[in-house]
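Worksheet: the structure to be examined is printed underneath.
The values are calculated or read from the model by the stated rules, or taken from the named source; none is laboratory data. The structure displayed is predicted, hence computed values, not measured ones. Reconstructed Cβ throughout: ideal geometry from the backbone, glycine too, with neighbour counts over all protein chains shown. With ligands, DNA and RNA removed, areas are computed over all heavy atoms of the protein, side chains included. Shrake-Rupley method; radii C 1.70, N 1.55, O 1.52, S 1.80 Å.
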Amino acid sequence: MRDFFILWMERIINVVVVIGAVVVLIAAVATMFNAQGGFLAGIGILVGGALYLILMAGMIYLGLGIYANTRRTADAVEELARRQP
């Protein structure tokens, strides 16, 4: 059951990252063509939003990777303990 939740959490994160990328792109383009915004403001939103999205998604994926590595290490240690008399 635990693997089910981890797998679906990863899938939900993938969807949220894609939606976030689309939202950042739309916001940047909308700001570029807004009379109060401007081209540089749009570029700033694009760069800032992309950096934020990369950092946040990277932290979450890092946590999932640590979980996966810990799980594999625990399985390997259990297998080694089983082999010893």
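Observations on the model:
- Shown is the FRET efficiency for residue 64 and residue 19, computed with R0 = 22 Å from the Cβ-Cβ distance and rounded to the nearest 0.05: 0.75.
- Dipole size of the chain about its Cα centre, with +1 on Lys/Arg Cβ and -1 on Asp/Glu Cβ: approximately 120 debye, rounded to the nearest 20.
- The mean accessible area for residues of the chain, using a 1.4 Å probe and ignoring ligands and nucleic acids, is 80 Å² per residue.
- Solvent exposure ordering (accessible area, 1.4 Å, most first) of 7, 51: 51, 7
- Sorted largest first, the spans of the alpha carbon positions of the range 1-83 along the three principal axes are 71, 20, 10 Å.
- Helix-derived mean residue ellipticity, 222 nm - over the chain, DSSP H n ≥ 4, -39500 (n - 2.57), to 500: -33000 deg cm²/dmol
- Stretchable slack from residue 41 to residue 71, in nm (0.36 nm times residue separation minus alpha-carbon distance): 6.3 nm
- Cα-based helix-to-principal-axis angle, 39-83 vs the chain, degrees rounded to 10: 0 degrees
- Listed residues 41, 66, 18: farthest to the positive end of the dipole of the chain (Cβ charges): 66
- Counting only alpha carbon atoms, the long axis of helix 2-32 and the longest principal axis of the chain meet at about 10°.
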